[in-house]
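This report refers to the structure that appears directly beneath it.
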Amino acid sequence: MPAALQPHVRLAGIRDKVLILLVDSAEWGMAVRLHEAALRTALAREAGTRVRGVRVRVAPALAREGRPARPRRRARPIRPASAEVLAATARSVDDPRLAEALMRLAARVERE
């Protein structure tokens, strides 16, 4: 496995001849998938274990366990007119969770 991947990948196990790996983000999962053939070959050579596939699961908790994660992007502010529309929509919907989420988005109004 390439050195850059190692901090982001953890072995979960092997089930039904499928290697199961946990990664800390979808980006690292894609990188692992690109190296699937090499991983299978190395596993057969180094451990004498043949697998018929590799399953990759994203487990963001890995990043919280002291492993490096992808950098978080700052939420971009929205224009005041957009914030007004979001707030009005939040007041008109029946679903309280949706209304709360819309109000959180509306609070991201750009400050001039």
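Any read-out appearing in this document is the output of simple, stated calculations on the displayed coordinates, not a laboratory observation. Note that the coordinates shown come from a computational prediction; the quantities given were computed from them, not determined experimentally. Here Cβ is always computed from backbone atoms with ideal geometry, including for glycine, and neighbour counts include all displayed protein chains.
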So if R0 is 41 Å, what FRET efficiency would VAL85 and ALA38 give, r being the distance between their Cβ atoms, rounded to the nearest 0.05? 0.25
Before anything else, pin down the relative contact order of the chain: Cα pairs under 8 Å, at least 6 apart, normalised by residue count, whole percent. 23 percent
Taking the mean number of other Cβ atoms within 10 Å as a proxy for protection, how do you rank 14-24, 46-56, 91-101 from highest to lowest? 14-24, 46-56, 91-101
Given the Cα atoms of the chain, and with Rh set as the inverse mean 1/r over their pairs in the Kirkwood sense, what is Rg to Rh to two decimals? 1.24
Put +1 on the Cβ of each Lys and Arg and -1 on the Cβ of each Asp and Glu in the chain; which of ALA37, THR49, ALA3 then has its Cα farthest toward the positive end of the dipole? THR49
Taking the Cα atoms only, what angle lies between the long axis of helix 80-92 and the longest principal axis of the chain, rounded to 10 degrees? 90 degrees
Find how many whole Å separate the alpha carbon centroid of region 6-60 from the alpha carbon centroid of region 73-110. 40 Å
Under a point-charge model restricted to the Cβ atoms of Lys and Arg (+1) and Asp and Glu (-1), what is the dipole moment magnitude of the chain relative to its Cα centre, in debye to the nearest 20? 400 debye
